[in-house]
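Read through the structure below, which is laid out as structure tokens, and then see the notes.
The values are calculated or read from the model by the stated rules, or taken from the named source; none is laboratory data. Note that the structure is predicted; figures quoted are calculated from it, not measured. Quick reminder, even Gly has a Cβ in these numbers, built from the backbone with ideal geometry, and neighbours come from all protein chains shown. These area figures cover heavy atoms from the full protein model, side chains too; ligands, DNA and RNA do not enter into them. Shrake-Rupley method; radii C 1.70, N 1.55, O 1.52, S 1.80 Å.
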Amino acid sequence: LGGSIFILFFNLWGRTLENHDYIRYAEVAKEMIYSGDWIFPRYNGEIFIDKPPLLFWLIAFPSKIYGSVNPFFARLPSAFFAWIGAIVVYLWGRKIWGENKYGLISSGILISTHLYFWQGRIARTDMVFSVLILLSLYFFHLGYLEKTSSSPSLPDSRFLKTFLSFTFMGLAGLTKGPFGF
């Protein structure tokens, strides 16, 4: 857990936003903060409907608290979701193979892959989208494995896990559109 935080968050603020997409996403979040319009993202004053708004919201919330959009806050959602993805892969590996070491190996391999590491450190929708899909599949799998509660007075945990699966699927739709579904 600590190692993955260090790997993903170390010097996240050290580089400028060098790609046009990264700058565009940060600018949309900045205009969202300044205009106060959190529903219709804008880029250079024009409504920006090229991407759904979830990533812009995730950049804008901490930036609004801090007072400005900077490279760290633009990259923070991707790094945070990469970390969550590593945790989910650990939990899923442990659940499937029954031992902690398999979860750690799975998570370690994931964090050490070049593309996962790179996507976790740039300001793009890809990491947020892929981890939301991973969460959707994870909770669907947990719900699928669980037996239905026989007692009508107890809440059905299987329903909750399936509901979480569809919730993360919906959030993935807010990240990249209909591909999330």
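Can you compute the equivalent ellipsoid semi-axes for the chain, i.e. the square root of 5 times each eigenvalue of the Cα gyration tensor, sorted largest first and rounded to whole Å? Write down the numbers at each step before the final one.
Numbers: eigenvalues 204, 95, 30 Å².
Rounded to whole Å, the semi-axes are 32, 22, 12.
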Open item on the list: With every protein chain left in place and a probe of 1.4 Å, what is the accessible surface of K30, to the nearest 10 Å²?
Closed with: 70
- [ ] Treat each spin label as a single point 7 Å out from the Cα along the C-beta direction, and report the I109 to D37 distance in nm.
- [x] 4.8
Task: Cα Rg, Dmax, region 14-118, angstrom units - done: 17.1, 53
- [ ] Using only Cα atoms, find the angle between the long axis of helix 100-112 and the longest principal axis of the chain, and express it within 0 to 90 degrees, rounded to the nearest 10.
- [x] 20
- [ ] Starting at the first residue of region 43-60, write each ³J(HN,Hα) from the Karplus equation 6.51 cos²θ - 1.76 cosθ + 1.60 with θ = phi - 60°, in whole Hz, x for Gly and Pro.
- [x] 10, 6, x, 9, 5, 10, 10, 5, 10, x, x, 4, 4, 5, 5, 5, 7, 6
Task: Rounded to the nearest 10 Å², the accessible area of E146 at probe 1.4 Å - done: 50
Open item on the list: With θ taken as phi - 60° and the coefficients 6.51, -1.76 and 1.60, list the Karplus ³J(HN,Hα) couplings across region 79-90 in order, rounded to whole Hz; mark glycine and proline as x.
Closed with: 5, 4, 5, 5, 5, 4, x, 5, 5, 5, 5, 4
- [ ] Taking amide H positions as placed in the peptide plane 1.01 Å from N, state which residues far from R42 in sequence (5 or more) or on other chains have amide H under 5 Å from it.
- [x] M32, F48
Task: Per-pair calculated FRET efficiency, R0 = 30 Å: Y144 and F179 via Cβ, rounded to 0.05 - done: 0.85
Open item on the list: Order 45-51, 81-87 from most to least packed using the mean count of other Cβ atoms within 10 Å.
Closed with: 81-87, 45-51
